[in-house]
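Asks: Sharing a structure, written as structure tokens. Questions coming.
The values are calculated or read from the model by the stated rules, or taken from the named source; none is laboratory data. In this text the structure is predicted, and so the values were computed from the model without any measurement. Using ideal geometry, Cβ is built from the backbone for each residue, glycine included, and neighbour counts are taken over all protein chains shown.
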């Protein structure tokens, strides 16, 4: 278990799915949690209400995390209400299912901006404070598509492979500041993205079922709690692949 009492966590894209589960798990370990969302205000408010009902502290904060000014405003709002960010989970993501013949330049750019650039922008915004305090945890939510073909498209593959490169690049440069940077890479988790048609059944998963958002959250807590682990990617695939 990870004791996060007195810590402040920011989870991007936390109104539903994996982000929601991560936000609830962090709150369960004592962190005050900022629940970022872009459009789903009600769902984000529901996550905050659930945390507060359990005795925790949380806030919902709207921001397009692919925009630098919006990210700066989001982090400032979190610092004002909850305090400096100690734990950052870059979970916000976009999954536009396209064939290589149908993929447009605009869709490629949008995917890179939301999935990869956002992780850079959010990390850049919270890193100075973490370095000053000599403690920080950054977890990037990647995907099995970073190494395999996946079912979404090459734009998604590129964004997630880039996220894992970003993870290693930062990890190597901030480890002496007491900050760890790791990635968690789920495959076929039972979320809206999977249920919408990415995989109709779990037949090709050796374990025989889809993963859960809560299992992803467990992996996030694991890497946050391990001060000796940095620059690593933890895969959750039910036995489909091995790093």
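Asks: Whether any residue in region 85-101 is surrounded by 21 or more Cβ atoms within 10 Å (Cβ to Cβ) and over 28 Å from residue 157 (Cα atoms) is what I want to check. So that I can check it myself, show each step before the final result.
Replies: Let us first name the residues in region 85-101 that are surrounded by 21 or more Cβ atoms within 10 Å (Cβ to Cβ), namely 85-93, 95.
Checking which are over 28 Å from residue 157 (Cα atoms) leaves us with 85-86.
Yes, there is a match, as at least one residue in region 85-101 is surrounded by 21 or more Cβ atoms within 10 Å (Cβ to Cβ) and over 28 Å from residue 157 (Cα atoms).
Asks: I need a count of the residues in region 1-15 that are in contact (Cβ under 8 Å) with a residue 60 or more places away in the chain and more than 12 Å from the chain's Cα centre (by Cα). Spell out how you get there, then give the answer.
Replies: Taking region 1-15 first, the residues in contact (Cβ under 8 Å) with a residue 60 or more places away in the chain are 1-2, 4, 7-14.
Then keep just the ones that are more than 12 Å from the chain's Cα centre (by Cα); that gives 1-2, 4, 7-8.
Residues flagged as in contact (Cβ under 8 Å) with a residue 60 or more places away in the chain and more than 12 Å from the chain's Cα centre (by Cα) within region 1-15 amount to 5.
Asks: Pick from 127, 88: which is in contact (Cβ under 8 Å) with a residue 24 or more places away in the chain, under 22 Å from residue 179 (Cα atoms) and assigned to a helix (DSSP H, G or I)? Give the steps one after another, and end with the answer.
Replies: Values: 88 fails: assigned to a helix (DSSP H, G or I).
Step by step, each of 127, 88 is checked, and only 127 is in contact (Cβ under 8 Å) with a residue 24 or more places away in the chain, under 22 Å from residue 179 (Cα atoms) and assigned to a helix (DSSP H, G or I).
Asks: Looking at region 130-147, which of the residues that are modelled with pLDDT of 95 or more and out of contact with any helix residue (DSSP H, G or I) (no Cβ under 8 Å at 6 or more places or on another chain) is surrounded by the most Cβ atoms within 10 Å (Cβ to Cβ)?
Replies: 135
Asks: While we're here: Scan 178, 169, 165, 148 and give me the residue that is over 19 Å from residue 13 (Cβ atoms) and in contact (Cβ under 8 Å) with a residue 60 or more places away in the chain. I'd like the intermediate steps shown before the answer.
Replies: Working: 178 fails: in contact (Cβ under 8 Å) with a residue 60 or more places away in the chain; 169 fails: in contact (Cβ under 8 Å) with a residue 60 or more places away in the chain; 165 fails: in contact (Cβ under 8 Å) with a residue 60 or more places away in the chain.
Exactly one residue qualifies, and that residue is 148.
Asks: Does residue 129 fit the bill of being within 24 Å of residue 171 (Cα to Cα) and over 15 Å from the mean Cα position of the chain (by Cα)? Quick ask: steps written out before the conclusion?
Replies: Values: within 24 Å of residue 171 (Cα to Cα): yes; over 15 Å from the mean Cα position of the chain (by Cα): yes.
Yes, satisfied.
Asks: Among the candidates 88, 121, which residue alone is within 25 Å of residue 186 (Cβ to Cβ), in contact with a strand residue (DSSP E or B) (Cβ under 7 Å, 6 or more places away or on another chain) and modelled with pLDDT of 95 or more?
Replies: Numbers: 121 fails: in contact with a strand residue (DSSP E or B) (Cβ under 7 Å, 6 or more places away or on another chain).
88 is the lone residue from the list that is within 25 Å of residue 186 (Cβ to Cβ), in contact with a strand residue (DSSP E or B) (Cβ under 7 Å, 6 or more places away or on another chain) and modelled with pLDDT of 95 or more.
Asks: Within region 135-145, can you find the residues that are in contact with a strand residue (DSSP E or B) (Cβ under 8 Å, 6 or more places away or on another chain) and not in a strand (DSSP E or B)? If you could, list the steps in order and put the result at the bottom.
Replies: Taking region 135-145 and keeping what is in contact with a strand residue (DSSP E or B) (Cβ under 8 Å, 6 or more places away or on another chain), we get 135-144.
Matches in region 135-145: 135, 142, 143, 144.
Asks: Quick one: what pairs do we get from region 65-85, first residue in contact (Cβ under 8 Å) with a residue 24 or more places away in the chain, second surrounded by fewer than 16 Cβ atoms within 10 Å (Cβ to Cβ) and assigned to a loop (DSSP other than H, G, I, E, B), C-beta under 6 Å, 6+ apart or different chains?
Replies: Matching pairs, first to second residue: none at all.
Asks: Of all residues in region 39-53, how many are within 10 Å of residue 24 (Cα to Cα) and under 17 Å from the mean Cα position of the chain (by Cα)?
Replies: Looking only at that region, the number is 1.
Asks: Might you let me know whether region 9-27 holds any residue that is modelled with pLDDT under 95, at positive phi and surrounded by fewer than 24 Cβ atoms within 10 Å (Cβ to Cβ)?
Replies: Scanning region 9-27, I find at least one residue that is modelled with pLDDT under 95, at positive phi and surrounded by fewer than 24 Cβ atoms within 10 Å (Cβ to Cβ), so the answer is yes.
Asks: For residue 104, are the conditions met, namely being in contact with a helix residue (DSSP H, G or I) (Cβ under 7 Å, 6 or more places away or on another chain) and free of Cβ contacts under 8 Å to residues at least 60 places away in the same chain? Steps first, please.
Replies: Working: in contact with a helix residue (DSSP H, G or I) (Cβ under 7 Å, 6 or more places away or on another chain): no; free of Cβ contacts under 8 Å to residues at least 60 places away in the same chain: yes.
For residue 104, the condition - in contact with a helix residue (DSSP H, G or I) (Cβ under 7 Å, 6 or more places away or on another chain) and free of Cβ contacts under 8 Å to residues at least 60 places away in the same chain - is not met.
Asks: (1) at negative phi; (2) surrounded by 20 or more Cβ atoms within 10 Å (Cβ to Cβ); (3) in contact (Cβ under 8 Å) with a residue 40 or more places away in the chain: which one isn't true of residue 188, the others all being true?
Replies: Single failed check for residue 188: (1).
Asks: Of all residues in region 209-223 being in contact with a helix residue (DSSP H, G or I) (Cβ under 8 Å, 6 or more places away or on another chain) and part of a helix (DSSP H, G or I), which is farthest from residue 17 (Cα to Cα)?
Replies: 221
Asks: Across region 38-47, what is the number of residues that are under 18 Å from residue 65 (Cβ atoms) and surrounded by fewer than 24 Cβ atoms within 10 Å (Cβ to Cβ)? Quick ask: steps written out before the conclusion?
Replies: Let us first name the residues in region 38-47 that are under 18 Å from residue 65 (Cβ atoms), namely 38-41, 43-44, 47.
Filter again for surrounded by fewer than 24 Cβ atoms within 10 Å (Cβ to Cβ), leaving 38-41, 43.
Qualifying residue count for the region: 5.
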